[in-house]
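First the structure, in the form of structure tokens, and then the observations on it.
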Amino acid sequence: MTERMTIDEAARIAQEAFAPYECKTKEVDDGDLLKVAVDVNGHWVDVNDLHRDIYSDKETFLSKLEIARQRMTDIGAEFEQWRSN
């Protein structure tokens, strides 16, 4: 069974994942949804809305962040090293 996370832990991990870029997180619908947006070279890029069943499951959440990092790398982002372990 995978590790369970709170929305605050998920927000912190998202900010680490997208460093050195500014990353904003917002809790919506009493914690049912975590919105994540990253400022990539002056353009805000939204990470798909992350529902509670995604952000609370650490393994699934880290996988989604890795996909988003790759997508942003494809449009010119250069992220710091990040381990999703």
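The values are calculated or read from the model by the stated rules, or taken from the named source; none is laboratory data. Please read these numbers as outputs of a predicted model, since none were measured by experiment. Here the Cβ positions follow ideal geometry from the backbone for every residue, glycine too, while neighbour counts run over all protein chains shown. Just the protein is used for accessible areas: all its heavy atoms, side chains included, with ligands, DNA and RNA removed. Shrake-Rupley method; radii C 1.70, N 1.55, O 1.52, S 1.80 Å.
Remarks
- Meets criteria (modelled with pLDDT of 90 or more and of a type in the set (S, T, Y)) for T6: yes
- On inspection, V45 fails the criterion of being open to solvent by less than 100 Å² (accessible area, probe 1.4 Å), touching a helix residue (DSSP H, G or I) at 6+ places or on another chain (Cβ under 9 Å) and modelled with pLDDT of 95 or more.
- Top-ranked residue in segment 1-41 [being out of contact with any Phe, Trp or Tyr (no Cβ under 7 Å at 6 or more places or on another chain) and of a type in the set (D, E); ranked as farthest from G76 (Cα to Cα)]: D30
- Yes/no for A77 being assigned to a loop (DSSP other than H, G, I, E, B) and open to solvent by less than 40 Å² (accessible area, probe 1.4 Å): yes
- Just one of (1) open to solvent by less than 40 Å² (accessible area, probe 1.4 Å); (2) under 20 Å from E3 (Cα atoms); (3) charged (D, E, K, R) fails for R52. It is (1).
- Leading residue by the ranking (most open to solvent (accessible area, probe 1.4 Å)) among those in segment 27-38 that are modelled with pLDDT of 95 or more and out of contact with any helix residue (DSSP H, G or I) (no Cβ under 8 Å at 6 or more places or on another chain): K35
- Applying the criterion of being aliphatic (A, V, I, L, M) and out of contact with any Leu (no Cβ under 8 Å at 6 or more places or on another chain) to the residues of segment 1-26, the residue that is most open to solvent (accessible area, probe 1.4 Å) is M1.
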